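To start, the structure itself, in structure tokens.
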Amino acid sequence: MQVRRPVLWLAGGLVLMLALLVLGLRVGSYATSYSFILNTFRHYNPADPAQLVLVQLRLPRLLLALLAGASLAVSGYLLQTLVTNPLADPYLLGTASGASLGAIATYVLVPSLTFMGVYLPPVAALAGAFLATLLVVALGTRRGRILPAPLLLAGVAVGALAAAIGSLLTFLASPEGSLRSVVFWAFGSFERAGWAVLPYPAAALGISLFVLAFMQKDLNLLLLGEERAAALGLPVARRRWLLVLLAAGLTGGVVALCGPVGFVGLLVPHLTRGLLGTTGRYNLLGCAVLGGSFLLACDLLARLLYPPAGLPVGLVTALFGVPFFVYLLRKTT
């Protein structure tokens, strides 16, 4: 029974994710039924406005929410494993703040937002995520060892610095153009969803999960602490650098497309460990499924509370995440 339980929870998460996808397709300015959704996918007619909205707007939005939730959840799982601290997430370690600064800089400083045909905000966000994370790791490293407490303090400091520079750029932005883009992006939403951008977060998540599938044993060893993991033959330094790069890539891609969406990387890994066990072999996949389901549910709730456009999804995740963070803080102190 112990072997089958994680599989059953994972199957239940997949069913929940599919159910939320279908429910999300029904909610919006156009009222749709289940039969209409099924008929749209059987006989898609772009001349029909309702079908066009369903396929070109709602479905990409939902898929982006799913990919963003899965990516942030996996990133949070990696960072909590990296520093063996339950309070760690992409925002506490400065990764998301660096990505935000990179995106804001392009909105404010690059009028066309493109260079040689490349859309710059995602590229700049990824670069910002990597640079901020590398700086935090460098500040949190002593004699070649990453120490959890200095790493968290460095993350807070670098995150605050990135936020301050981002605020300065926002203050200097043009009210007619870039300021509006920055403010809209800073709320956190899936309005930029489209079939053209979906391959990027999908590829980042797929590659990360493929690499991590061969590292589950290493992740479990890291939970034992650096010294014990090294004594068992794990090349701790190399593994930690790889985890940092994967977490930064996942977070930077999401922030670039969706803006800052907080607390997913904090809440979902804890839920996954509670359901599947601390060292379960399906934890990474479960994290991705539950993270995608969580953000789909938050997006659905956002659109139900303020139809048809919906509230910024970052506000909804904060409603769940802040109480959970306070609970964790009281539990671990």
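The values are calculated or read from the model by the stated rules, or taken from the named source; none is laboratory data. Quantities reported herein were computed from a predicted structural model and do not represent experimental measurements. Counting neighbours? That spans all protein chains shown, and the Cβs are built from the backbone with ideal geometry, glycine included. Each accessible area value is taken on the protein alone, full model and side chains, heavy atoms only, with ligands, DNA and RNA left out. Shrake-Rupley method; radii C 1.70, N 1.55, O 1.52, S 1.80 Å.
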**Q.** Residues (in a helix (DSSP H, G or I) and of a type in the set (V, I, T)) located in region 1-56
**A.** V7, V15, V22, I37, T40, V53, V55
Q.
Pairs needed: first member in region 217-233, on the phi < 0 side of the Ramachandran plot; second member anywhere, open to solvent by 60 Å² or more (accessible area, probe 1.4 Å) and aliphatic (A, V, I, L, M); C-beta distance under 6 Å; at least 6 residues apart or different chains.
A. L221/L232
Q.
Just to be sure I understand, how many residues within region 112-128 are touching a residue at least 12 places away in the same chain (Cβ under 8 Å), open to solvent by 20 Å² or more (accessible area, probe 1.4 Å) and within 22 Å of F171 (Cβ to Cβ)?
A. 2
Q. So, of the residues in region 243-286 that are small (G, A, S), farther than 18 Å from P122 by Cα and out of contact with any Gly (no Cβ under 8 Å at 6 or more places or on another chain), which turns out to be modelled with the highest pLDDT?
A. G274
Q: Can you tell me which residue within region 259-274, out of those that are open to solvent by less than 40 Å² (accessible area, probe 1.4 Å) and among the aliphatic types (A, V, I, L, M), is nearest to L10 (Cα to Cα)?
A: V268
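Just to be sure, is L126 in a helix (DSSP H, G or I) and over 30 Å from A229 (Cβ atoms)? It would help to see each step written out before you state the result.
On the way: in a helix (DSSP H, G or I): yes; over 30 Å from A229 (Cβ atoms): no.
No, not satisfied.
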Q | Within region 16-35, considering residues that are closer than 15 Å to P60 by Cβ and of a type in the set (G, A, S), the one modelled with the lowest pLDDT | A | G28
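For the structure I just gave you, tell me whether L59 is in a helix (DSSP H, G or I), more than 23 Å from the chain's Cα centre (by Cα) and surrounded by fewer than 22 Cβ atoms within 10 Å (Cβ to Cβ).
Working: in a helix (DSSP H, G or I): yes; more than 23 Å from the chain's Cα centre (by Cα): no; surrounded by fewer than 22 Cβ atoms within 10 Å (Cβ to Cβ): yes.
Criteria not met by L59.
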Q) Can you tell me which of I165, I104 is more than 24 Å from T81 (Cβ to Cβ) and touching a Gly at 6+ places or on another chain (Cβ under 9 Å)? A) I104
Q. When region 280-333 is examined, which residues are found to be touching a Leu at 6+ places or on another chain (Cβ under 7 Å) and assigned to a loop (DSSP other than H, G, I, E, B)?
A. Y282, L311
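Which of the following residues is under 24 Å from the mean Cα position of the chain (by Cα), at pLDDT 90 or above and either farther than 30 Å from V244 by Cβ or among the aliphatic types (A, V, I, L, M) (or both): L38, L78?
After ruling out the rest, the residue left standing is L78.
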(Q) Here are the criteria: (1) in contact (Cβ under 8 Å) with a residue 60 or more places away in the chain; (2) polar (S, T, N, Q); (3) within 19 Å of G310 (Cα to Cα). Tell me which single one S75 does not satisfy. (A) (3)
Q: Answer yes if at least one residue in region 265-288 is within 15 Å of the chain's Cα centre (by Cα) and among the hydroxyl-bearing types (S, T, Y), and no otherwise.
A: no
Q | Output for region 261-276, where each listed residue is farther than 14 Å from S75 by Cα and in contact with a helix residue (DSSP H, G or I) (Cβ under 8 Å, 6 or more places away or on another chain) | A | L271, R273, L275, L276
